[in-house]
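K.L.:
Could you have a look at this structure, given as structure tokens, before my questions?
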Amino acid sequence: MNNNITACPLDCYDACSIVYKDEKIQATKEGHTKGFLCPHLNKYETVKRINSPRYKGKKISMSEALLKLKEILKGSPTSRVLHYKGHGNFGLMQDVTEHFFAQYGAVLTDGTLCDGAGEAGILEGRGSNKNMPLSQIEKSEVVILWGRNPHTTSSHLLPALKGKTIIVIDPLKTQIAKTADLFIQIKPHTDAYLAMLLCRFLYINDDNDTEFASEFEEYYELTQTIREKSTLDNMGVSLGDIEKILEYVNNKKVAIVCGIGIQKYRDGGDVLRAIDTFAAVLGLFGKEGCGVAYLGNSKENIQSLFTTKAKRVSVVDTAFDAYKTVFIQGANPLAQMPDSLRVQKAVEQTQNVVYFGLYENETSAVADLIIPAKTFLEKDDIRTSYSHHAILPMQKQIQSDIGISEYDLSAYLCREFAIEIEEEKKYLTYFESFAEDGVVKGREDIPYQDGFDTDDGEFLFLEEIEVDKKLNKIVMSKNKDKVKKVRSEFSLITPKSPKSLNSQFIREEFIYLHSDLGYGEGEEVKISSSIGSVMLKVKHNDDIRKDCVLIYSGTRGVNNLTSALHSYEGNSAAFQELEVFINAEENK
Ligand SMILES: Nc1nc2c(c(=O)[nH]1)N[C@H]1C(S)=C(S)[C@@H](COP(=O)(O)OP(=O)(O)OC[C@H]3O[C@@H](n4cnc5c(=O)[nH]c(N)nc54)[C@H](O)[C@@H]3O)O[C@H]1N2
Ligand SMILES: Nc1nc2c(c(=O)[nH]1)N[C@H]1C(S)=C(S)[C@@H](COP(=O)(O)OP(=O)(O)OC[C@H]3O[C@@H](n4cnc5c(=O)[nH]c(N)nc54)[C@H](O)[C@@H]3O)O[C@H]1N2
Ligand code: SF4
Ligand SMILES: [Mo]
């Protein structure tokens, strides 16, 4: 194997393959990486990292830091130790720390801050979450980008979109929306209704796929519970838009490419389920160039050798202060968890906070013990992706004195606490054994060709949906001059920024608003929700709906506004559940 080869470690659909040549990170020309990387990796080696361990603000050596960690663990009952892991690095070897903490008797986490609500909806309909891979999207004729922003979050999808009919459904006029054949600037949190109305009109047009005739009939009844005119008005969608979508997809190879924007709500599962149902009645599953792409399970068909059976608590509302020692790895929970004011308080009340990561952030600022990690260039690992089937070795490229790898840290702790651990090479070779010609063995290129993975092999249609009371109400005042004086509620859109990877790299610091709302550029406003507030400076952006505010993921304080309530299904965060207000006190 060419030992110049590694892969981008970041939590990203694309999982680019990298050659490390002449001390530079370069994209591989072949395969899914297509010879280019994104700004995060192009500037990766210039990012300032934590160089030295610290305890209570004082620099210490790595061996002192490890001794300190051992001492801290010895001083805490095992059941009062929490291991909290984020997705700073997507390598499979990152879980080796869980192996130690699980065997040790500590509490681990479950649930997700990311895609769990949507995945739950997919599982209900299809019985499994097998993703439509990039290689199949390449073969489609029509691509619906439904709450996915490829220029920012999945740029390697862009070459696959060339020459295709593109439909974009998003509250933001994203870059891809500007050149799309059809752009629907939908009101947030109304996508399930759009998917249902599409099914209703498909049925009326008599285009229904006979395979599901009786289920479709029943589903059509359900779609009739939606009041057409008021719902369409509220969504910002016209009957003409619906007809156009149906015209474009008629008898074509269609890929519906969903992102996580559509499911950042407690009922996010229903959204994916309703979109899946539309795909099912169109007959998109099990056919070449057709299907629904979302975030698949990056560990599909890969079993781990790490023992990770443990008591677990949710990452959405973790009660950090219930533990004496909290070990935080590859995460910045003080910024990225919902209800971050609560998180901050809870972490401040925890006796020992250990932060194991690469960069300074809100979490490192309050940690007692800081242990710098090694970058992906300085350690061996292997990774998969949640949008394609490649399995990519990540070979060590640089010898460095900074930091410690996840394996070495775990090996140290296992040795000190008499817990068994295999050689690093054994785990890596084991993970490599799941590869065949560079892809994960047994993953289907065209999933669901032989039926669905439900008990009876049939797609399970959505049977009920809660019709939102607010659907019939237009919240925004249409009068431009009056808008500022009305105590309006806005939908919070909190998507990914092109400059940061959540809270890593260059973080955004503004609230983006439509200029018609009357707030000046640079004006400082107080944005509040029912649970918290944040002060941010305004930047204008007329690509945003006037009933929305845009605050990117990674912006300091954005999660003061978001609630830690779980999604109804899928044990997931719901970052866009709460409405927000601008300068609420003055507007009362
Ligand atoms: N540059 C960059 N890339 C990243 C990341 C990053 O932080 N920065 N993060 C990575 C991670 S962790 C993930 S999970 C992926 C996620 O990547 P994406 O799935 O693309 O996620 P988002 O940017 O959160 O949202 C995508 C789009 O959904 C839209 N949206 C929001 N609410 C709604 C709604 O109610 N309905 C509809 N139809 N659309 C809506 C947003 O306006 C946005 O354009 O990206 C990964 N890649
Ligand atoms: N408002 C809002 N909040 C969100 C989201 C949103 O869209 N809007 N998105 C949510 C989503 S989808 C996600 S996935 C989460 C992400 O939330 P987090 O998982 O907390 O992600 P990051 O902010 O990227 O922080 C990752 C940290 O990992 C560390 N790190 C990087 N590489 C390594 C390594 O090799 N080893 C170790 N030990 N550490 C490393 C870095 O120091 C970095 O600070 O945020 C969620 N929060
Ligand atoms: S596009 Fe994604 S996988 Fe590729 S270099 Fe950028 S962050 Fe890494
Ligand atoms: Mo994510």
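K.L.:
Which numbered condition trips up LYS173, out of (1) farther than 16 Å from GLU463 by Cβ; (2) among the charged types (D, E, K, R); (3) without any contact (Cβ under 8 Å) to a residue 60 or more places away in the chain?
P.N.:
Failed condition: (3).
K.L.:
Ok, one more. Would it be correct to say that VAL580 is crowded, with 20+ Cβ neighbours inside 10 Å, more than 16 Å from ligand 3 (Cβ to nearest atom), modelled with pLDDT of 95 or more and over 15 Å from GLY518 (Cα atoms)?
P.N.:
Values: crowded, with 20+ Cβ neighbours inside 10 Å: yes; more than 16 Å from ligand 3 (Cβ to nearest atom): yes; modelled with pLDDT of 95 or more: yes; over 15 Å from GLY518 (Cα atoms): yes.
For VAL580, the condition - crowded, with 20+ Cβ neighbours inside 10 Å, more than 16 Å from ligand 3 (Cβ to nearest atom), modelled with pLDDT of 95 or more and over 15 Å from GLY518 (Cα atoms) - is met.
K.L.:
Look through GLY35, GLY86 and report the one residue that is under 30 Å from ASP437 (Cβ atoms), within 16 Å of ligand 3 (Cβ to nearest atom) and not assigned by TED's automatic domain parsing to the domain that holds PRO498. Write out each step before concluding.
P.N.:
Details: GLY86 fails: under 30 Å from ASP437 (Cβ atoms).
Just a single option satisfies the conditions, and that option is GLY35.
K.L.:
Give me the strands (runs of 3 or more DSSP E) completely within the stretch 512-552, filtered to those with at least 2 residues that are at negative phi and surrounded by fewer than 20 Cβ atoms within 10 Å (Cβ to Cβ), ordered by residue number.
P.N.:
524-528, 533-540
K.L.:
Here is a further query. List pairs: first in the stretch 29-52 and free of Cβ contacts under 8 Å to residues at least 12 places away in the same chain, second loosely packed, with under 14 Cβ neighbours inside 10 Å and of a type outside the set (Lys, Arg), Cβ under 7 Å, 6+ apart or cross-chain?
P.N.:
LYS29/GLY35
K.L.:
Still on this structure, please answer the following. Let me confirm something: among LEU10, LEU41, which residue is under 27 Å from ASP115 (Cβ atoms), within 24 Å of the chain's Cα centre (by Cα) and more than 16 Å from ligand 4 (Cβ to nearest atom)?
P.N.:
Details: LEU10 fails: more than 16 Å from ligand 4 (Cβ to nearest atom).
Answer to the selection: LEU41.
K.L.:
Considering only the stretch 245-272, how many residues are more than 20 Å from the chain's Cα centre (by Cα) and among the β-branched types (Val, Ile, Thr)?
P.N.:
The qualifying residues number 3.
K.L.:
Quick check on my filter: what residues within the stretch 163-173 are surrounded by fewer than 21 Cβ atoms within 10 Å (Cβ to Cβ) and part of a loop (DSSP other than H, G, I, E, B)?
P.N.:
Residues satisfying the conditions are GLY163, LYS164, LYS173.
K.L.:
Kindly indicate whether ALA160 is of a type outside the set (Ser, Thr, Tyr), over 22 Å from PHE36 (Cα atoms) and in a helix (DSSP H, G or I). Outline the logic, then answer.
P.N.:
Numbers: of a type outside the set (Ser, Thr, Tyr): yes; over 22 Å from PHE36 (Cα atoms): no; in a helix (DSSP H, G or I): yes.
No: the conditions fail for ALA160.
K.L.:
So MET1 passes all but one of these: (1) more than 16 Å from ligand 3 (Cβ to nearest atom); (2) in contact with a strand residue (DSSP E or B) (Cβ under 9 Å, 6 or more places away or on another chain); (3) at pLDDT 95 or above. Which condition number does it fail?
P.N.:
So MET1 meets the others, but not (3).
K.L.:
Right, another one. Is there any pair with a first residue in the stretch 286-305 that is farther than 25 Å from ALA195 by Cβ and a second that is exposed (fewer than 15 other Cβ atoms within 10 Å of the Cβ) whose Cβ atoms are under 6 Å apart and which are 6 or more apart or on different chains, and what are they?
P.N.:
Sorted first by the residue in the stretch 286-305, then by its partner, the pairs are ASN301/GLY442.
K.L.:
So PHE183 fits all but one of (1) closer than 28 Å to ASP450 by Cα; (2) buried (at least 16 other Cβ atoms within 10 Å of the Cβ); what number is the exception?
P.N.:
All conditions are met except number (1).
K.L.:
Considering only the stretch 517-529, I want to know if a residue exists there that is within 12 Å of ligand 2 (Cβ to nearest atom), within 23 Å of ASP233 (Cα to Cα) and in contact (Cβ under 8 Å) with a residue 12 or more places away in the chain.
P.N.:
For the stretch 517-529, residues within 12 Å of ligand 2 (Cβ to nearest atom), within 23 Å of ASP233 (Cα to Cα) and in contact (Cβ under 8 Å) with a residue 12 or more places away in the chain: absent.
The values are calculated or read from the model by the stated rules, or taken from the named source; none is laboratory data. Being a predicted model, the structure only gives us computed values, none of them experimental. Glycine also receives a Cβ, built like all others from the backbone with ideal geometry; neighbour counts cover every protein chain displayed.
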